[in-house]
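Read through the structure below, which is laid out as structure tokens, and then see the notes.
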Amino acid sequence: MKTVIYPGSFDPLTNGHLDVIQRAARLFDRVIVAVARKGEKQALFGPAERKTMIEHSTANLSNVSVDIFEGLLVEYVEQQSGHAVIRGLRALSDFEFEFQMALMNRSLNEKVETLFMMPRASYSFLSSHLVKEIATLGGDVSAFVTPEVKEALAGKLAQAGAN
Ligand code: ADP
């Protein structure tokens with residue numbers, strides 16, 4: 001039984017993240033999408049909201065589960081008896097940081113491997129940051145996120161507008 005962990009902020013989940021999750025779910029027995037609690041103050045959505053959105057958006061994938069984690073990723077991977085960490089690579093600009101992080105995680109725990117997956121090319125420009133910016137400016141994000149995430153974004157922005 002091979003378990004992989006896909007960690008990230010997912011604030012919110014985009015179709016690029018979803019594409020990586022779908023690819024990983026075809027390759028491994030179990031995929032745990034691990035929502036990082038860190039950086040909560042700057043995040044638009046709380047960790048529980050991000051988890052719920054991912055759960056709804058991956059409901060059709062029976063070997064995918066969603067969890068919230070805090071602390072060291074390598075420790076979380078061991079706790080979950082994970083075999084590897086999945087990270088998405090969009091462009092060369094992601095590489096430097098991801099390379100450093102993968103090697104740092106390996107130096108913390110030799111057993112934790114990091115695997116990189118490329119999303120479909122048409123999602124390679126997508127980021128949670130841009131999706132939030134477009135939604136805030138009143139743009140249509142239907143092509144970039146699932147209907148669940150679109151609805152949650154609209155709700156969050158309406159709430160922010162009312163305050
Ligand atoms: P971070 O952990 O830097 O906050 P995110 O939570 O946004 O990053 O993303 C988690 C993982 O998903 C990272 O490996 C990131 O490179 C990857 N990712 C983000 N957007 C996409 C995308 N459009 N296509 C593929 N992978 C992506």
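Summary table below
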item	result
Breaking point among (1) under 20 Å from LYS156 (Cβ atoms); (2) in contact (Cβ under 8 Å) with a residue 60 or more places away in the chain, for ALA36	(2)
Cross-chain or 6+ apart pairs with Cβ under 6 Å, the range 140-163 first and touching a residue at least 24 places away in the same chain (Cβ under 8 Å), then of a type in the set (Ser, Thr, Tyr)	PHE144/THR14; VAL145/THR14; THR146/SER57; GLU148/SER57
Enumeration of residues in the range 73-125 that are within 23 Å of ALA25 (Cβ to Cβ), more than 9 Å from the ligand (Cβ to nearest atom) and without any contact (Cβ under 8 Å) to a residue 12 or more places away in the chain	GLN79, ALA121, SER122
Subset of the range 126-141 [within 9 Å of the ligand (Cβ to nearest atom) and either closer than 14 Å to LEU18 by Cα or in contact with a Ser or Thr (Cβ under 7 Å, 6 or more places away or on another chain) (or both)]	LEU126, SER127, SER128
Residues being among the hydrophobic types (A, V, I, L, M, F, W, C), near the ligand (Cβ under 7 Å from one of its atoms) and in a helix (DSSP H, G or I) - total across the range 1-19	0
Residues (out of contact with any strand residue (DSSP E or B) (no Cβ under 8 Å at 6 or more places or on another chain) and either polar (S, T, N, Q) or more than 10 Å from the ligand (Cβ to nearest atom) (or both)) located in the range 28-42	GLU40, LYS41, GLN42
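No lab work stands behind these numbers, since they all come straight from the coordinates. What you see is a predicted model, and the numbers here were worked out from it, not measured in a lab. Virtual Cβ from ideal backbone geometry, glycine too; neighbours counted across all protein chains shown.
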